[in-house]
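First comes the structure, then the notes that go with it.
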Amino acid sequence: MVHVNIFDTTLRDGEQSPGVNLNQLEKLEIARQLERFGVDIMEAGFPASSQGDFEAVRAIARTIKNSSVTGLARAIKSDIDIAWDALKDAAEPRLHVFIATSPIHMQYKLMKTPEQVVQTAVDMVSYAKQKFTHVEWSAEDASRSDLDFLVQIITKVIDAGATVINLPDTVGYTTPEEYGRMFRYIRENVPNIHKAALSCHCHDDLGMAVANSLAAIENGVTQVEGTINGIGERAGNASLEEIAVALNIRKDRYPYTTNLVLKEIKRTSDLVSRFTGMKVPGNKAVVGKNAFAHESGIHQDGVLKNALTYEIITPEMVGVQSNDLVLGKHSGRHAFKDKIEQMGFELSAEKLNEAFTTFKQLTDRKKEVTDEDLFTILIDIQTAAVDVKKYELVAFQVQYGSANLPTATVALTTPDGERVETARTGSGSVEALYNTLEALIKERIHLTDFTLSSVGSGRDALAEVHVKMSVNDTNVSGRGSSQDVLEASAKAFINAVNRVFFNQTIAVKEPVL
Ligand code: KIV
Ligand code: ZN
């Protein structure tokens, strides 16, 4: 069996999904979960791209011990310097430096000749090697690059010290046969290829990212890159959970091992979906809600007689549990603490108290508190920023009826601790509420998206709202949950605004370089 390293880029390429904007605490929570999932390498961000990314990569590098942490850099010295500063405290610091190699990218984007691109790649890999032991070099748009040019540049960057050669299908253009052939050609023609590992990185524009990744593995790649739930630029990246399960279920076809813990798939997928606001479609392979549902009578009958008739993956294999009643009104603190630890949460004493109080309040209002409800409460508490100036909701009231103009009254405390209160109308109850919040919050706000969903089923289910907005020309997203849809809406709005303050506060505390 050949071992394949799993390189997760949810926090970098995944975070490049339109409208996704994670704060440092959310990124840390995802990073901890990726470590439990067993990824070998996690790309924590692009440190030179913003202060927020720098801080998040540094925090992850300092926290994660059982996966190697890497960060992206363009082939520019200052990017490499900033990445080193963010990554130097990691258990195994690693750099991912890239430059485009396709004719169209070199000519129109980089405006460099192929010779200049080779020189820049070699110079930057050599420069990176002065700091990092592990340097991955990527040929952006490799699948549309000339094969003999790839052979030439790869030979030189390996001589310069690159330890991993990644050949991305940047625009999701290739096919399995073609992508596999490219790796075979590189293995057969690059004289020093034995000194580096080969890596694949696929995008899903034509829906072939997973198939292309598997073809690459069959052609000698020993590192596969992808994201959880397949999130990422445009149509997204190869979905790591799909690759992991395909390798496992079809061991007969794919004699490869990974370090992944398949039972962690569901939790990892849930966390990424909740934090990013990118819902997993019901029919998504491996993690969709319907992946294990059997609707037709013939299928149900078959599954009852022998599950293998229609079920090739068991829910247990990927950590899907039935959504049983978990804890009730009379559950004590001890049972609560045990339960949340089983669910993978490690809370400080202060946050544990807050979670227990919120749980107790919920048991007064909701007949059954499910795992999904607890998960929603806990991710909010776990990632709530403390010691940061922010807007806080004090109280609100909305008057609404089919015959009158909806009116909202809201009281808030501002980041300076002042209490403010006002009222506004709107054409609907949410609009009235948002008009009022906008009047109280002295920032330039433009709401671009609003989605409301229920957590689990039942008329007393928790509501979860995700919003996207620009605040003072910065794009942010926000999340809020409550049993009441208006309260969830208000929380999501305020959560989005506070992200701007959170980023500003950490930026003031710790400047880049
Ligand atoms: O898709 C791509 O080419 C990338 C590179 C930066 C590796 O994400
Ligand atoms: Zn990519």
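Binning the C-alpha pair distances of the stretch 392-507 at 10 Å intervals from 0 yields a P(r) profile of 14, 44, 34, 7, 0 %, listed from the shortest bin outward. Partner lysines whose Cα lies under 24 Å from the Cα of Lys251, excluding those fewer than 8 positions away in the same chain, are identified as Lys263, Lys266, Lys284. Local charge for Phe375 was computed over the other residues whose Cβ lies under 9 Å away, with Lys and Arg +1 and Asp and Glu -1, and equals -2. Fully extending the segment from Asp301 to Thr113 would add 61.3 nm, taking 0.36 nm per residue of separation and subtracting the current Cα-Cα distance. Return a whole-number percent for the relative contact order of the stretch 378-513, with Cα pairs under 8 Å and 6 or more residues apart as the contact set. In percent, rounded to a whole number, it is 18.
Based on Cα atoms of the chain, Rg over Rh with Rh as the Kirkwood radius reads 1.00. What's the longest bit of the chain with no exposed GluC sites (Glu not before Pro), using DSSP loop states and at most 15 other Cβ atoms within 10 Å as the test? Within the chain, the longest run free of exposed GluC sites (Glu not before Pro) spans 1-294. Net charge in the neighbourhood of Pro406 (other residues with Cβ under 13 Å of its Cβ; Lys, Arg +1, Asp, Glu -1) is 0.
The trypsin sites (Lys or Arg not before Pro) of the stretch 229-280 meeting both criteria, a DSSP state outside H, G, I, E and B (loop) and at most 12 other C-beta atoms within 10 angstrom of the site's C-beta, are Arg250, Lys251, Arg253. Here the label points at Thr409 and Lys279, each 7 Å from Cα along the C-beta direction, are separated by 3.5 nm in the simple model.
Mean projection of the Cα convex hull over all viewing directions, computed for the stretch 177-329: 12.5 nm². Summed over the residues of the stretch 1-160 and divided among them, the accessible surface reaches 35 Å² per residue at a probe radius of 1.4 Å.
Note on Lys337 and Arg234: the extension gain reaches 33.0 nm, defined as 0.36 nm multiplied by sequence separation minus the Cα-Cα distance. So for the stretch 53-113, if I pair up every lysine 8 or more residues apart or on another chain, how many of those pairs have alpha-carbons under 20 Å apart? Lysine pair count for the stretch 53-113: 4.
From largest accessible area down, sort Arg459, Arg333; use a 1.4 Å probe on the protein chains.
Numbers: Arg459 240, Arg333 110 Å².
Most to least solvent-accessible, the answer reads Arg459, Arg333.
Exposure check, 1.4 Å probe, all protein chains in place: Arg181 carries approximately 110 Å² of accessible surface.
Would you kindly give the portion of the calculated P(r) for the stretch 1-151 that falls above 24 Å, as a percent of all Cα pairs?
Counting every Cα pair in the stretch 1-151, those more than 24 Å apart make up 35 percent.
Diagonalising the gyration tensor over the Cα atoms of the stretch 2-276 and scaling each eigenvalue by 5 before taking the square root yields semi-axes of 26, 23, 17 Å, largest first.
The heavy atoms of Lys491 offer some 80 square angstrom of accessible surface to a 1.4 angstrom probe.
Counted over the stretch 2-276, the DSSP beta bridges are approximately 5% antiparallel. Ranked from largest to smallest solvent-accessible area, with a 1.4 Å probe on the protein heavy atoms, Ile64, Ile445 come out as Ile445, Ile64.
Counting only Cβ charges, +1 for Lys and Arg and -1 for Asp and Glu, the dipole size of the chain around its Cα centre is about 460 debye.
The values are calculated or read from the model by the stated rules, or taken from the named source; none is laboratory data. All values derive from a computational prediction rather than experimental measurement. Using ideal geometry, Cβ is built from the backbone for each residue, glycine included, and neighbour counts are taken over all protein chains shown. Side chains are part of the model used for accessible areas, which takes the heavy atoms of the whole protein and leaves out ligands, DNA and RNA. Shrake-Rupley method; radii C 1.70, N 1.55, O 1.52, S 1.80 Å.
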